[in-house]
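Quick notes on the structure that follows.
The values are calculated or read from the model by the stated rules, or taken from the named source; none is laboratory data. These numbers were taken from a predicted model, which means no experiment stands behind them. Glycine also receives a Cβ, built like all others from the backbone with ideal geometry; neighbour counts cover every protein chain displayed.
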Amino acid sequence: MLTLTDLRKSVRNFTDKPIDENKLQEITDYFKKCRRIDKSIKTEIMIIKKSGLPKDIKEIGGYNGFLIEAPYYILIFSEKKPYFIENVGYIGEDILLKLTDMDIDSCWMTLKEEKVVEEGDKMRITGLIALGYGERIKKISKLKNMFISKYGNGDLEAPKPGTDNEIRMDILDMVFMGDYGKTASYDELTATGLSEGFYAARRAPSALNRQPWRFILDGGTVALVIKKDEYTNIYEAQIAAGAAMLNFAVVISERIFDVKWEMGAADFKYNIPDDSFIIAHCRV
Ligand SMILES: Cc1cc2nc3c(=O)[nH]c(=O)nc-3n(C[C@H](O)[C@H](O)[C@H](O)COP(=O)(O)O)c2cc1C
C-alpha cells in the first residue's frame, strides 16, 4: 500500500476551488498537536487566502522571488531558537502529509534566507506552503501530447506530468554503513529493518530537488548528514532536513518503535567530507 510519504508531491498548478472552512479548521487543529523536534520552541500557523497574503511575504517567497499562485497559503511563524528552522521543516512536512491525506494539494515555497535568520527576537516567518486543489489533466489528447513531446512516443510508463516526484537519488548512494561513503547492498540495507524509513526520508521535499540528505547507520545510531550545495542555501537544507527526519520518524514509529531525533553531531566523526555536516542523529 502506498503511504502518505509516497503520495505527497509538489503541485504548482491550482484551480480556484475553495477549501471547505471545516477542512481549514482541521488543518489548524492538526498543527497544534502535530509532531515537533522541540516542543519548547514557540510556533504559530496562519492559513490565508491569496488576496490576503501580505506584500512583504509575497516579496520573499519562491525560487528567484517567483511565488506559485495558489488560492491559499500556510504561514508558519517561529521564535528564533537553536534548530528552529529544522523544527519548522519537521512540522511543515507533518502538515504536508496531513494535506495529502485530506486530498489537498500543496507545494513548499522557499523564503529569502536573510529574512528568516535576521536578528531580533520577534516571531518570524519560517515556513511557507501553497495549497489548494491542483488542476487535473482530463483531456486524453492533452495528456498524450505531453508524453509524446516530453518522454518520447506515448510511453505510458513515463513519469506523471506535473511533478518530478519520481526523480530521486538511488537509496544506496544516500545511506552509508558505519562510515561516510561506505555503501551497502540492497540486501544489507533491507536486513537492517530500517529501509522503509530511509525510503520515506528520501521522498521528502527539498529545494530544487537537490536531496541533500545522507544517512550513516552505525550500529544503533542513525546520523543525518547534510551535503552543502552551490544551488541551495542552508535555510533550504535545514527545512529539507526537518522534512526527511519527519518522514523517517513517522514510518519507523508506525512500524517498529518511536524515533526521537536529537539535533547536532554529538562527537561522531565518520569521515564527513568538508562540504557536509552532521545535523542530527537518533537511536534505533
Ligand atoms: C525548502 C524548500 C523550498 C522549496 N521552494 C520551492 C519554490 O520556491 N518553488 C517551487 O516550485 N517548489 C519549491 N519547493 C519544492 C521542491 O521543488 C520539490 O520538493 C522537489 O522538486 C521535489 O519534488 P516533490 O516535492 O514533488 O517530491 C521547495 C521545497 C523545499 C523543501
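For Ile216, indicate whether it is part of a helix (DSSP H, G or I), out of contact with any Ser or Thr (no Cβ under 9 Å at 6 or more places or on another chain), away from the ligand (no atom under 15 Å from the Cβ) and touching a residue at least 12 places away in the same chain (Cβ under 8 Å). Give the derivation first.
Numbers: part of a helix (DSSP H, G or I): no; out of contact with any Ser or Thr (no Cβ under 9 Å at 6 or more places or on another chain): yes; away from the ligand (no atom under 15 Å from the Cβ): yes; touching a residue at least 12 places away in the same chain (Cβ under 8 Å): yes.
The answer is no for Ile216.
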* To do: Go over the candidates Asp229, Asp267, Asp187 one by one and state the one that is of a type in the set (D, E, K, R), within 16 Å of the ligand (Cβ to nearest atom) and either surrounded by fewer than 17 Cβ atoms within 10 Å (Cβ to Cβ) or closer than 24 Å to Arg8 by Cβ (or both).
  => Asp229
* Asked: Are there any pairs with C-beta distances below 7 angstrom linking a residue in the range 187-201 that is assigned by TED's automatic domain parsing to the domain that holds Ala243 to a residue that is aromatic (Phe, Trp, Tyr) and outside any helix (DSSP H, G or I), with the two at least 6 apart or on different chains, and if so which?
  -> Phe198/Phe215; Ala201/Trp213
* Output the residues belonging to the range 7-24 that are surrounded by fewer than 14 Cβ atoms within 10 Å (Cβ to Cβ) and more than 13 Å from Lys98 (Cβ to Cβ). => Thr15, Asp16, Lys17, Pro18, Asp20, Glu21, Asn22
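Residue-by-condition table, conditions (1) more than 14 Å from Met174 (Cα to Cα); (2) modelled with pLDDT under 95:
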| site | (1), (2) |
| --- | --- |
| Ala207 | yes, no |
| Leu224 | no, no |
| Gln238 | yes, no |
| Ala244 | no, no |
| Trp261 | yes, no |
| Gly264 | yes, yes |
| Lys269 | yes, yes |
| Ile272 | no, no |
* Across the range 68-87, what is the number of residues that are closer than 15 Å to Ala130 by Cα and either within 15 Å of the chain's Cα centre (by Cα) or not aromatic (Phe, Trp, Tyr) (or both)? -> 7
* Sort through Ile85, Ile68 and tell me the only one that's of a type in the set (A, V, I, L, M, F, W, C), modelled with pLDDT of 95 or more and in a helix (DSSP H, G or I). => Ile85
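This table checks each residue for (1) closer than 20 Å to Lys260 by Cβ; (2) polar (S, T, N, Q).
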residue: Arg168; (1), (2): no, no
residue: Leu172; (1), (2): no, no
residue: Phe176; (1), (2): no, no
residue: Asp187; (1), (2): no, no
residue: Gly193; (1), (2): yes, no
residue: Leu208; (1), (2): no, no
residue: Gln211; (1), (2): no, yes
residue: Arg214; (1), (2): no, no
* Asked: If you check Asp105 against the conditions, is it farther than 21 Å from Ile234 by Cα, among the acidic types (Asp, Glu) and surrounded by 16 or more Cβ atoms within 10 Å (Cβ to Cβ)?
  -> yes
* Applying the selection to the range 65-90, what residues are in contact (Cβ under 8 Å) with a residue 60 or more places away in the chain and more than 13 Å from the ligand (Cβ to nearest atom)? -> Pro71, Tyr72, Pro82, Tyr83, Asn87
* Could we say that Asp170 is surrounded by 17 or more Cβ atoms within 10 Å (Cβ to Cβ), out of contact with any helix residue (DSSP H, G or I) (no Cβ under 6 Å at 6 or more places or on another chain) and at pLDDT below 95 here? -> no
* Asked: Would a scan of the range 36-46 turn up a residue that is within 12 Å of the ligand (Cβ to nearest atom) and either closer than 30 Å to Gly264 by Cα or of a type in the set (S, T, N, Q) (or both)?
  -> no
